[in-house]
Amino acid sequence: MEYQDIAIGLDVGTTKIVAMVGRRNEYNKIEILGIGRSKSIGVHRGVVNNITQTIDAIREAVSEAEHSSGLKIKEVIVGIAGQHIRSLQHNDYITRLDFENVINQKDIQKLIDQVHKLVMLPGEEIIHVLPQEYKVDSQSEIGEPIGMYGSRLEANFHVVVGQISSIRNIGRCVKAAGLNLAGMTLEPIASAEAVLSKEEREAGVALVDIGGGTTDVAIFKDNIIRHTAVIPFGGNVITENIKTDCLIIERQAELLKIKFGSAWPGENKETEIVCIPGLRGREPKEISLKHLSKIIHTRVCEILEHVNVEINNYGNEEQKKRLIAGLVMTGGGAQLKHIRPLTEYITGMDVRVGYSNEHIAGGDNGFISNPEYATSIGLVVKGLDDKKKYLCTSDMVYNQSDYKNNVELFSTKFYNKNKLYEKELDNSINKKKKSKSFLEIWADKFRQILNDTE
């Protein structure tokens with residue numbers, strides 16, 4: 001199997017680290033060849049706070065993925081999130097001197113590279129520069145400018161920015177684990193690749209990925225990403241509250257949340273009790289499911305209120321920006337019981353839970369299609385798309401006719417440059433032939449004097 005046909009996504013999360021190996025089949029579906037998972041104990045709210053523990057966790061996940069896939073993993077595409085992530089809108093343009101030729105990918109890349117040179121706040125760097133809409137001369141709202149004539153190419157960009165230290169710490173962990181870093185992708189963008197349909201992106205949709213340490217938001221409209229945000233609260237906040245209020249250990253709190261937890265306390269009765277084993281021979285604890293649901297409900301409402309703020313910041317109340325497809329929830333937190341009706345109640349939008357079934361090959365996808373693996377699958381999709389794009393656009397060659405034109409153009413330039421060099425060389429030789437030494441000049445003058453005397 002060719003390594004160019006596969007991609008490996010590495011999701012460095014707060015609660016887990018997942019390495020997933022996949023490829024596209026002949027039906028354009030993703031075949032998962034292998035998966036590895038390890039407990040993440042060196043990451044807090046999407047940010048690495050213990051390098052050694054994170055390296056060990058990455059090695060463990062990658063080793064398991066190698067064993068299950070039978071492949072040696074060399075490079076990965078990594079998801080990045082965390083409370084340090086922010087986004088902004090920016091408008092920029094370039095002036096094309098060769099406006100007699102059509103706009104090509106090279107012009108767009110030049111414009112994107114120009115945006116990458118923007119001066120950020122101290123300690124920040126640009127992660128993504130995402131074009132939204134283009135403008136060529138006086139014509140605006142252009143989705144794809146390639147092939148058009150114009151002297152001024154302008155675009156609106158969605159720029160994603162993060163802390164340099166946090167970005168480099170992830171890169172350092174990946175390299176220290178013996179892997180090459182093929183690229184970094186904002187996690188909500190990766191999750192969107194896995195669970196959103198083209199129709200939803202076109203109509204307008206908000207993706208909400210409730211992870212362990214953060215809740216990621218990505219908003220699409222007219223098939224263009226319009227807004228991204230990372231909220232520094234996730235499933236761990238709920239677990240921590242259960243642990244504190246019920247006076248139990250974290251593992252027990254997590255199990256309580258998963259097995260008996262609900263985001264809607266109205267369904268539970270006061271008489272419903274769950275018994276938790278005591279530690280080291282101590283008496284077991286009785287916990288009311290009604291009380292448990294109230295704890296979960298309070299924290300989930302806080303997260304969803306922040307999500308609602310981000311949706312309003314985008315401008316969902318404006319008629320033109322209305323998100324017709326509503327909201328799609330994914331991530332581990334999306335599996336919480338009754339979270340969908342609560343989200344509909346708070347946001348006033350249609351809500352569905354996003355699964356990756358339609359992107360994965362095979363009828364029985366098992367746990368892989370689970371919402372908590374949406375980011376990992378999205379990273380595999382992104383990695384495969386990047387490889388395809390690289391192969392298609394390598395050396396600015398898009399198809400056979402373009403290749404032929406590029407070869408002819410190169411040959412013409414080389415021929416003209418070579419002829420110019422030959423001409424300069426001939427002129428130089430002629431100058432050398434015409435130039436005379438001092439003795440030759442003196443002898444000519446002496447002959448002239450003798451001729452004049454005669």
**OP:** Name the long-range amide H neighbours of His128: under 5 Å, sequence gap of 5 or more, or other chain; modelled H, no Pro or chain starts.
**Re:** Val160
Original post:
Based on Cβ point charges of +1 for Lys and Arg and -1 for Asp and Glu, what charge dipole magnitude is obtained for the range 1-150 about its Cα centre, in debye rounded to the nearest 20?
Top reply: 600
Subject >> When the range 34-193 is reduced to its Cα atoms, the Kirkwood hydrodynamic radius in Å >> reply: 18.0
Original post:
Out of Gly147, His67, Gln89, whose Cα points farthest toward the positive end of the dipole of the range 19-177 (charges: +1 Lys, Arg; -1 Asp, Glu; placed on Cβ)?
Top reply: His67
**OP:** Normalise the Debye intensity by I(0) for the range 308-352, one equal point scatterer per Cα, no solvent, then take log10 at q = 0.20, 0.27, 0.31, 0.33 Å⁻¹ and round to two decimals.
**Re:** -0.67, -1.03, -1.19, -1.24
Original post:
For the range 289-295, in order, what is each residue's ³J(HN,Hα) by Karplus, 6.51 cos²θ - 1.76 cosθ + 1.60 with θ = phi - 60°, in whole Hz (x at glycine and Pro)?
Top reply: 5, 5, 5, 4, 5, 5, 4
**OP:** Distance check, please: which entries in Lys29/Lys337; Lys74/Lys243; Lys74/Lys110; Lys243/Lys321; Lys175/Lys257; Lys39/Lys382 exceed 32 angstrom between their Cα atoms?
**Re:** Lys74/Lys243; Lys243/Lys321; Lys175/Lys257
**OP:** Report, by chain and number, residues whose modeled amide H sits under 5 Å from the one on Val353, excluding near sequence neighbours (fewer than 5 apart, same chain).
**Re:** Met329
Original post:
Of the heavy-atom accessible surface of the range 86-189 (probe 1.4 angstrom), what whole percent is carbon and sulfur?
Top reply: 48
Original post:
For the range 111-204, what is the Kirkwood estimate of the hydrodynamic radius, computed as the reciprocal of the mean inverse distance between distinct Cα atoms, to one decimal in Å?
Top reply: 16.1
Subject >> Vicinal HN-Hα couplings computed from phi for the range 194-203 (Karplus, 6.51 cos²θ - 1.76 cosθ + 1.60; Hz; Gly/Pro x) >> reply: 8, 10, 9, 8, 4, 5, 5, 4, 5, 6
**OP:** Just need log10 I(q)/I(0) for the range 240-280 at q = 0.24, 0.31, 0.35 Å⁻¹, Debye formula, equal scatterers on the alpha-carbon atoms, no solvent, rounded to two decimals.
**Re:** -0.93, -1.25, -1.29
Original post:
How are the Cα pair distances of the range 194-304 distributed, in percent, across 10 Å bins from 0?
Top reply: 13, 35, 25, 17, 8, 2, 0
Subject >> Percent accessible area from carbon and sulfur atoms, the range 219-311, protein chains only, probe 1.4 Å >> reply: 54
Subject >> Charge dipole magnitude, Cβ of K and R +1, D and E -1 - the range 167-311, Cα centre, debye nearest 20 >> reply: 600
Original post:
So what is the accessible area of the range 61-145 per residue, in Å², with the probe set to 1.4 Å?
Top reply: 56
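The values are calculated or read from the model by the stated rules, or taken from the named source; none is laboratory data. Since the structure is predicted, the reported quantities are computational estimates derived from the model, not experimental observations. With ideal geometry, Cβ positions are generated from the backbone for all residues, glycine too; neighbour counts draw on all protein chains shown. For accessibility, only protein heavy atoms count, side chains too; no ligands or nucleic acids. Shrake-Rupley method; radii C 1.70, N 1.55, O 1.52, S 1.80 Å.
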